[in-house]
Amino acid sequence: MSVANSSPPALEILVREPGGFAIWNGPPFTNNQPNIKLDKVPCTSAKFSEDGSKLMVIKSESSISIYDCKTYKEIRTFESPNILAASLSPLGTYLQTFQKASSPQEKNVTVWKTETGESVYTLSQKNMTLVTWPTIRFSSDEAVASRMATNELQFFDTGDFSKGVVHKIRIPGVASAELSKTGSHVAAFVPESKGMPGSVQIYACAPGSQSEPVARRSFFRCSSVQQHWNHGSTGLLVVVQADVDKTNQSYYGETKLYYLTLDGSYDGLVSLRKEGPVHDVQWSCSGNEFAVVYGFMPAMATIFDKKCKPLLELGTGPYNTIRWNPKGRFILVAGYGNLPGDMAFWDYVEKKQLSSTKSEWSVTSEWSPDGRYFLTATTAPRLQVDNGIKIFHFNGKSCFKKKFEKLYQVDWKADSPDNFGEIEELVKSVGSLKVDGKPQGQGSKSSQAPVKPINPPPVQKKPAAYKPPHAKAAAAKEAELFGGTTSSAEMSKNALKNKKKREKQREKKAAEAGSAANGAD
């Protein structure tokens, strides 16, 4: 949907400090200061729904409130003891809570309807991990809901949970599952067992569909996987992680990237141009391209098409993060965590790098829903000092900075990119922009010039032979004796220092000899 004839929605930012969360109006800011839309509300956690219509606020381990994001009025409060975790469905229709069970038979997972406050489904779950929570997963439009159980995937009628499980897909040994964004298919991971290889299998979710997978890929030496569906639910990227690297090149194990399609056009390994781990993977908003950061440092960043053919090389540098603009035009490649915070902003349409800057000690980072701004934040408990927020324009120019004594969370309010206009008019003003940022780290080799499509890797020049300092000094002395010239720029620091020292000694000896001669007279 285009918004050419209507004003786009305002950007909003959730900021949570020790005293609670507040809602800011997003950029552009008046007098470089944000306006407070909702002042601090005490809480222990807060999270927007995927569509940005609702806000879930955990106020204590026994109380959760739901806010309407249009008015920021509290519309429902749920009271339940010993709440350990909670999650909103993508459209904010359902709230899911996990409670500490007092007995093995107690049903400690509850699905609530946020509009009425009623409990629509309960079940029992022994423990909670990143793989198993939320227990019931929804597609983006909430048309499909599924749950991973022992050796099977269960599906529910999202319009009537009272029907219970409406159909199942039996998958012996399933350890994790990822529902596609449209809910049409689900990808299941089965780890290695008794000499059998691990595998990722893709099944259709519709009732009555074939029980056989529509796509399957097996692999040995696999401990865990990360599964990434594209936006059209036609392709799946799988990052396969092995705890042990048999080549002994990495302490952190070995990773490989696989790609599977529903139509069978591709099923195999993505050919990467550099050895080393896969640091980050992200699909474009169209689902037709994906970007990968990979390899030992300095890492390499490459964009591929749906046939796994490289389209654009984004250079090398101290990178482990890639963020694709929601509009699909701009890409950020960065190095956070234990890396120095280098950031390179790229224009994918023009195939050129716009700028480079830094954001040290960043813990979280994300594009704004309209694709015009990029936010980084340093938050506790990951880092207890230098907490703060930085916001950049899409071209890397600094827009806003603010420091905090303690900062726990910063999030853009989610919104559909289709609700915002295009940024073509802003791109025209980029031109030869010079960004007031720190230069890239020494390991970065990104080019500021327009980048051509990828060619085979060039043959690297053989490095020059090492010359010790005394050999360099001898060469300089020889040049002086035989009429050659050696500029100061070509001499090492030690050679220059020694040269000056010798000159001072000669001057001192000459002065002493002169004074001795005067005394003799």
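Values as computed for the structure displayed
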| item | result |
| --- | --- |
| Rounded accessible area per residue of segment 279-419, 1.4 Å, Å² | 34 |
| Solvent exposure, largest accessible area first (probe 1.4 Å, DNA, RNA and ligands not counted), of Met343, Met148 | Met148, Met343 |
| Label-point separation in nm, Thr77 to Lys402, each point 7 Å along Cα→Cβ | 2.7 |
| Accessible area in the full protein assembly, largest first, 1.4 Å probe, for Lys47, Lys59 | Lys47, Lys59 |
| Test item: Cα-centred dipole of segment 4-89, Lys/Arg +1 and Asp/Glu -1 on Cβ, debye | 100 |
| Surface accessible to a 1.4 Å probe, Arg147 within the full protein complex, Å² | 50 |
| Rounded accessible area of Ser271 (nearest 10 Å², 1.4 Å probe) | 90 |
| Cβ-based charge dipole, segment 279-419, positive-most Cα from Ser356, Cys308, Thr379 | Ser356 |
| Cross-link pairs beyond the 18 Å C-alpha cut-off, checked among Lys358/Lys413; Lys181/Lys351; Lys274/Lys306; Lys390/Lys413 | Lys358/Lys413; Lys181/Lys351; Lys274/Lys306 |
| Residues with amide H under 5 Å from that of His279, placed H, sequence gap 5 or more | Val293, Tyr294, Gly295 |
| Cβ-based net charge around Phe156, under 13 Å, with every Lys or Arg adding one and every Asp or Glu removing one | +1 |
| Sulfur and carbon atoms: percent of accessible area, segment 279-419 [1.4 Å] | 49 |
| Segment 279-419: Rg to Rh, with Rh as the Kirkwood radius over Cα pairs | 0.96 |
| Relative contact order (percent, whole number), segment 279-419, Cα cutoff 8 Å, 6+ residue spacing | 14 |
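The values are calculated or read from the model by the stated rules, or taken from the named source; none is laboratory data. The shown structure was predicted, so the numbers you read here are calculated from the model rather than taken from an experiment. Positions of Cβ are backbone-derived with ideal geometry, glycine not excepted, and every protein chain shown enters the neighbour counts. Accessible surface areas use protein heavy atoms only, side chains included; no ligands, DNA or RNA. Shrake-Rupley method; radii C 1.70, N 1.55, O 1.52, S 1.80 Å.
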